[in-house]
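The values are calculated or read from the model by the stated rules, or taken from the named source; none is laboratory data. What you are looking at is a predicted structure, and each value in this text was computed from that prediction instead of being measured. Neighbour counts run over all protein chains shown; Cβ positions are idealised from the backbone, glycine included. All accessible areas refer to the heavy atoms of the entire protein, side chains included, with ligands and DNA or RNA removed. Shrake-Rupley method; radii C 1.70, N 1.55, O 1.52, S 1.80 Å.
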Amino acid sequence: MDTKQKNRQEQARRRSAQPRAGKESGSERAQTRSTGAGSTRNTQAAQPQPRRRAPQAQQPQQTRRASQAQQPQQTRRTAQAEDVPQRLQRSAQETHNIVRQEAYAPQQMQEQVFQTKQEKQRVLNPEAVKRAEQRRKSAQRVKRRKEEEARRKKRPAVAYTQPVPVNLNQLLLKILVVFAVVVAITLGLSVFFKVEKVVVYGNRAYSAWTVQEAGGIETGTNLLSLNNTRACGKIMAALPYVDNVRIGIKLPDTVNIYIEEIDMAYAITTSDGTYWLMTSEGKVVEQIDAATAGSYTKIEGVNLDSPAPGQQAVALETILETTAATEDSPAEETAPPVVTAAAKLQAALSILQQLEANDIVGEAASIDVSILNNIELWYGQRFQVKLGDAYNMDIKIAWMKSAVNQRSDYDMGILDVSFTTWPDRVGYTPFSE
């Protein structure tokens with residue numbers, strides 16, 4: 001080992017043997033802490049500060065280990081002996097502080113500022129507060145019990161009386177009085193409220209007397225016993241031109257009848273060529289002659305079966321003759337598709353309703369539904385309108401009206417609104433071509 005290293009070890013040994021400057025001994029620190037605690041009651045004991053090691057010179061790690069190994073065993077034992085009194089003094093001081101805090105706790109609680117008297121009592125004497133709460137609850141129960149008893153005493157007692165015997169004379173007198181009142185009312189109604197006047201409103205095809213007689217309303221009958229529903233049904237059944245009827249009474253002696261008659265009717269034939277008038281709803285009105293039928297729009301291609309005034313129209317079904325199947329023409333191939341007369345009548349009624357909706361009923365001369373896929377309509381004597389099948393009839397009639405309005409008064413020809421040749425427009429072909 002060289003000389004420099006030996007000198008460094010010797011210096012380190014001397015520094016460790018010298019007492020630490022600026023530090024107090026264990027007894028002096030204990031005396032200082034006891035003095036401070038006696039002067040101030042609430043001051044905590046001073047905590048011992050850890051020892052500070054003197055800065056050592058930066059030495060290599062191998063040199064420091066060698067110097068520590070060469071320290072005398074007596075020096076380390078002396079340092080441990082000096083630390084024992086310090087630990088004992090610190091433990092005693094901590095015990096003293098705990099005892100002092102417990103001793104002064106009540107005084108600190110008394111010095112604490114409470115917001116209310118109840119809060120102070122709850123903190124300082126909780127048992128007394130608990131007993132007071134029990135007394136308060138007991139007083140409340142007693143108070144509620146007294147209030148309930150007072151309410152029970154205020155209830156009225158049930159009074160029981162002896163049954164009164166029935167007086168038969170008084171009972172019979174009451175029955176007679178009631179019977180007399182009923183008889184008087186009945187006689188008064190039958191005498192004072194009688195039908196004396198019948199007024200009819202809205203009649204054009206029928207007279208007021210005809211409407212009154214059809215409803216079975218006679219003068220002198222009881223006004224309040226008049227059956228309005230039955231009278232209306234009789235008028236509708238007996239008078240085909242009546243589309244709707246209402247009946248009202250006006251005291252003391254008047255009956256008011258409000259009727260709505262059919263505005264438009266159309267001519268249709270039966271199998272024997274007889275003409276009948278029919279509405280767009282299919283109601284048969286009456287039978288007319290051929291001359292009178294010329295002033296109405298005619299429906300061709302379908303006939304009625306046993307029509308009657310006021311009844312619903314029924315189409316006459318025709319039975320087609322079928323030929324026997326042969327080898328050259330089997331029955332399955334020659335049989336045409338079945339089109340019923342009811343379907344034709346329904347298509348004609350649909351066209352009539354659309355004519356009424358577009359207000360061009362009087363301009364249509366005839367409607368031919370003989371071929372259901374090629375329906376034709378004559379608009380006066382000027383235009384022959386091809387409607388095609390029975391679908392989208394509302395659009396077809398509206399387009400037909402628009403096309404007629406766009407033509408001149410002297411134009412005459414064929415209007416094609418079937419939407420087969422021209423899907424998006426109405427075709428026009430003059431008769432001269």
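Under 5 Å between amide hydrogens, built in the peptide plane, is the criterion, and for E286 it picks out L277 among residues at least 5 positions away or on other chains. Each listed q (0.10, 0.16, 0.23 Å⁻¹) maps to a log10 I(q)/I(0) for the range 149-277, found by the Debye formula over equal Cα scatterers with no solvent: -0.57, -0.89, -1.25.
Of K197, K154, K174, K344, the order by accessible heavy-atom surface (1.4 Å probe, DNA, RNA and ligands excluded), from most exposed downward, is K154, K174, K197, K344. For K298, go through the lysines and keep the ones whose alpha-carbon is under 27 Å away, minus same-chain ones fewer than eight residues off. Qualifying lysines at Cα under 27 Å: K283, K344, K386, K396, K401. The amide H of L223, built 1.01 Å from its N in the peptide plane, has K194, V195 as neighbours under 5 Å, considering only residues 5 or more places off or on other chains.
Here the 3J(HN,Hα) profile of the range 142-148, calculated from phi with Karplus coefficients 6.51, -1.76 and 1.60 at θ = phi - 60°, is 5, 5, 5, 5, 5, 5, 5 Hz, Gly and Pro shown as x. Accessible area per residue for the range 163-299 is 60 Å², calculated with a 1.4 Å probe on protein heavy atoms, without ligands, DNA or RNA.
Each of F179, F193 has its accessible area taken with a 1.4 Å probe; listed largest first, they run F179, F193.
Hey, any idea what % of the range 247-318's accessible area is carbon plus sulfur with a 1.4 Å probe? The computed percentage sits at 46. Say R0 is 60 Å: what FRET efficiency, to the nearest 0.05, do R141 and V164 get from their beta-carbon distance? With a Förster radius of 60 Å, E is 0.80.
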